[in-house]
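These notes concern the structure reproduced below.
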Amino acid sequence: MDKTAAILITFFLGELGVHRFMAGKVGTGVIWLLTCGCFGIGWLYDVIMVATGKFTKKDGTPWVNP
């Protein structure tokens with residue numbers, strides 16, 4: 001996925017866990033959905049991880065293309 005698109009998806013839809021569902025992390029995606037991104041703390045952490053390129057898919061590969 002393109003880095004700009006990943007950051008935008010995470011920033012605007014991250015509290016609903018959309019980025020986690022797209023990365024194959026369904027369990028934590030449901031948690032993000034029910035807790036509004038773990039009360040904002042998990043959402044902020046994920047925005048930083050996506051922006052730095054360290055957010056991974058379920059299989060451990062990077063979600064964002066460098």
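The values are calculated or read from the model by the stated rules, or taken from the named source; none is laboratory data. Only a predicted model underlies this, so the values are computations on that prediction, with no experimental measurement involved. Glycine also receives a Cβ, built like all others from the backbone with ideal geometry; neighbour counts cover every protein chain displayed. We work out accessible area using only protein heavy atoms, side chains counted, and drop any ligands, DNA or RNA first. Shrake-Rupley method; radii C 1.70, N 1.55, O 1.52, S 1.80 Å.
For the stretch 37-53, putting each phi into the Karplus relation 6.51 cos²θ - 1.76 cosθ + 1.60 with θ = phi - 60° gives couplings of x, 6, 6, x, 6, x, 4, 5, 4, 5, 4, 5, 5, 5, 5, 8, x Hz, in residue order, rounded to whole numbers and with x for Gly and Pro. Tell me the mean residue ellipticity at 222 nm calculated for the chain from its helices only (DSSP H runs of n ≥ 4, each -39500 (n - 2.57), averaged over every residue, nearest 500). When only DSSP H runs of four or more count, the value is -19000 deg cm²/dmol. With a ≥ b ≥ c taken as the square roots of the eigenvalues of the C-alpha gyration tensor of the stretch 19-66, please select rounded if a/c is under 1.5 and otherwise prolate if a/b is larger than b/c or oblate if it is not? Note, shape of the stretch 19-66 comes out oblate. Per residue, the accessible area of the stretch 1-64 comes to 59 Å² when a 1.4 Å probe rolls over the protein heavy atoms. Ligands, DNA and RNA excluded, the heavy atoms of Met49 present near 40 Å² of accessible surface to a 1.4 Å solvent probe.
Electrostatic bookkeeping for Gly17 treats Lys and Arg as +1 and Asp and Glu as -1; over the other residues with beta carbon under 15 Å from its beta carbon, the sum is +2.
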